[in-house]
Amino acid sequence: MPDPSTYRPRPGEIPLEPGVYRFRDQHGRVIYVGKAKSLRPRLSSYFQDIAALHPRTATMVTTAASVEWTVVRTEVEALALEYSWIKEFDPRFNVKYRDDKSYPYLAVTMGEEFPRAQVMRGAKRKGTRYFGPYGHAWAIRETLDLLLRVFPVRTCSSGVFRRAHTSGRPCLLGYIDKCSAPCVGRVTPEEHRAIAEDFCEFMAGNTSRFVRRLESRMREAAEQLDFEQAARLRDDVAALTKALEKQTVVLGDATDADVFGLADDPLEAAVQVFHVRGGRIRGQRGWVVEKESEDLPTLVGHLLQQVYGEADAVPKEVLLPVLPVDVEASREWLAGLRGARVDLRVPQRGDKKTLMQTVTRNAQQSLARHKVARAGDLTLRSQALQDLQEALALDESPLRIECYDVSHVQGTNVVASMVVFEDGLPRKSEYRRFIVRGAVGEAGADAGVIDDTAAMREVLGRRFRRYLEEAEGSGDLDLQAAAMGDGERGYGEQHDGERRRSGPIDPETGRPRRFAYPPSLVVVDGGRPQVGAAQAVLDELGIEEVALAGLAKRLEEVWLPRHDYPVVLPRTSEGLYLLQRLRDEAHRFAITFHRQRRSKAMTSSALDGIPGLGPARQRALLRHFGSVRHLRAASPAELATVPGIGPALAQAVAAHLAGTGPQPAVNLTTGEVLE
């Protein structure tokens, strides 16, 4: 008997949103379809102790070999999608709804002389238009009650209709104007059919013209001072607006479309497609594919070829997040397969755009699950480290990897980041951020423009000079001892209940030294120039034990120092995937800090932070000297001539503007931003 723990999703992998889930057996057949208001607690309930489960549920989870899910927006969407999939897959462990009693439709009997709107279940009848399915029959009745104000179509049974026709008196709905009363001749059969057709058109999604027509009539009544009629029309507009509850899983009943959603990163892309037939989702497919290029239109073009190359049927519409490169050729190719015109487009508004957002959200969930599974797999992490060891000709696997990235805008507000991965996983407590000062020294990087290679030299120089200082202060510390990290030299031992700390300990503070833990591999974001700059720093400091590599973004090439050509790893390499994750994480960390610095620079003044110099005195100084540039050129004696500025404050202002006053919370040795 299969063990459910073998396919149980990892903690936190299941989303909290509403959705529909499917259990499959070892042959891939769907054996159960269910819905949930929140997927995580519902699916987790299936993986408790089997003895606590209902016998039927226990049999299902032990028969299944995998579980998958689809995220939707609301419970109503989940119910409708569950219904579609139960009809599609006929799962053996689902209850069979032989008479469709749980899925009612709003039906309009257009085949009758006087069409009637009603709740219908069971087999569909010829000449009747159906809208739905709905989650509950009362939802249909509430919708009807709202719309009968505007579309007074007949809702009574045949018996009630005949009695009213015989007696000449309409039913209650006729008296309260919620029925046009064709039974007593208030409207002709043609007029009543026109009302029913308008009602069907509104339910099919063509709603805007009816709302505009009522609003126009309301304004006309108000201009003619007929306020009672205007108020009734206002209430009619409110009724239509309330009835327009969106449901992305159920579109117009004539909609035949395939809706694609994409989520990608620089290396891979997740694709999801919902097949909509007759206004309802009939199926869903998904893939995670390797990106052969960064160009999404090219990827979409290849996707269409693979999906429809062997397809039995092409729908009327193909809705995409982006159009392929040669869109006209793709349209002609699809039209040739279908034998009729195919609308290939990007939805811009309405229900179809909302449905595409739902499909895209499923693609994002799929890519996130794929990346979490790949990053969290111990075997794959070990394979990634082994791939890097072989590709970079390292003596041992790089258990600690540091990656550096520089972020700036045209050489200003230059910052850098250092991210650390240990055993293939991010160690965020070791992340560091740097403010790049540049050749101008303590005046700051904002005073001049710094290029990437200069910034990289500065940051790595600070980091490894600090490493040498910390290593010297902690006694003999070699890379092997530091990398092992389990009671080896330079680490705090566990004595007298003391908690063991990670990294060499500062004897003065009792805290781990920040830069005394050396990496096995340094990765820089960039190609040959950045690698050359980094290697120059290591050569200058005499550090030979640390390996170095650079990852160029355009072609994902790995550059090594003193090599004329890059190392090209296979796109399926776990080592390349690990380097890409490192580079992306360093870029995210750097650009976040850069945005914070840039925002602060745009809203701060050079006079901020001077003790005793408030807004009023700042304004007095600027009024007197005209600009900060003139303030920098002024002597303390000249500053003291401004009313409210004493000699001591003038000295503080001059020192601050000259860069010799109190500095921001930055370690001037390393450039690291202090907490």
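Before moving on, here are some points about what is shown:
- Among (1) buried (at least 20 other Cβ atoms within 10 Å of the Cβ); (2) of a type in the set (S, T, Y); (3) modelled with pLDDT under 75, the one test that T241 misses: (1)
- Residues in the stretch 561-592 that are farther than 16 Å from M456 by Cα and hydrophobic (A, V, I, L, M, F, W, C): V567, V568, L569, L576, L578, L579, L582.
- Picking from residues in the stretch 519-572 that are of a type outside the set (A, V, I, L, M, F, W, C) and crowded, with 22+ Cβ neighbours inside 10 Å, the one that is modelled with the lowest pLDDT is G526.
- Unmet requirement for R581, which otherwise passes all of (1) assigned to a helix (DSSP H, G or I); (2) closer than 20 Å to D452 by Cβ; (3) open to solvent by 20 Å² or more (accessible area, probe 1.4 Å): (2)
- Note on the stretch 31-50: among residues that are outside any strand (DSSP E or B) and in contact with a helix residue (DSSP H, G or I) (Cβ under 8 Å, 6 or more places away or on another chain), the one that is farthest from L355 (Cα to Cα) is I50.
- Extreme residue, modelled with the lowest pLDDT, among residues of the stretch 100-129 that are outside any loop (DSSP other than H, G, I, E, B) and open to solvent by less than 30 Å² (accessible area, probe 1.4 Å): Y105
- Residue list for the stretch 158-186, filter: open to solvent by less than 50 Å² (accessible area, probe 1.4 Å) and closer than 21 Å to L146 by Cα: P170, C171, G174, K178, C179, S180, A181, P182
- Residue within the stretch 41-50 that is among the charged types (D, E, K, R), in contact with a Pro (Cβ under 9 Å, 6 or more places away or on another chain) and closer than 25 Å to R73 by Cβ present: no
- Residue within the stretch 322-345 that is in a loop (DSSP other than H, G, I, E, B), touching a residue at least 40 places away in the same chain (Cβ under 8 Å) and closer than 22 Å to P266 by Cα present: yes
- When the stretch 418-435 is filtered for residues that are assigned to a loop (DSSP other than H, G, I, E, B) and at pLDDT below 85, the ones remaining, listed by number, are D423, G424, R427.
- Cβ pairs under 9 Å, 6+ apart, first in the stretch 530-541 and within 17 Å of K553 (Cα to Cα), second at pLDDT below 85 and among the small types (G, A, S): Q530/A552
- In the stretch 1-39, residue surrounded by the most Cβ atoms within 10 Å (Cβ to Cβ) [restricted to those that are touching an Asp or Glu at 6+ places or on another chain (Cβ under 8 Å) and hydroxyl-bearing (S, T, Y)]: Y21
- Any hit, the stretch 618-638, residues being in contact with a His (Cβ under 8 Å, 6 or more places away or on another chain) and either surrounded by 16 or more Cβ atoms within 10 Å (Cβ to Cβ) or on the phi > 0 side of the Ramachandran plot (or both): no
- Counted residues, the stretch 393-422 - those being touching a helix residue (DSSP H, G or I) at 6+ places or on another chain (Cβ under 7 Å) and either polar (S, T, N, Q) or open to solvent by 70 Å² or more (accessible area, probe 1.4 Å) (or both): 7
- Which numbered condition A51 fails, given (1) crowded, with 20+ Cβ neighbours inside 10 Å; (2) at pLDDT below 85: (1)
- Residue check, P170 more than 48 Å from the chain's Cα centre (by Cα), in a loop (DSSP other than H, G, I, E, B) and of a type outside the set (S, T, Y): yes
- Residues of the stretch 328-359 satisfying the condition of being open to solvent by less than 30 Å² (accessible area, probe 1.4 Å) and of a type in the set (V, I, T): V342, T358, V359
The values are calculated or read from the model by the stated rules, or taken from the named source; none is laboratory data. None of the values given here were measured: they were computed from a predicted structure. Neighbour counts run over all protein chains shown; Cβ positions are idealised from the backbone, glycine included. The area values use the complete protein model at the heavy-atom level, side chains included, leaving out ligands, DNA and RNA. Shrake-Rupley method; radii C 1.70, N 1.55, O 1.52, S 1.80 Å.
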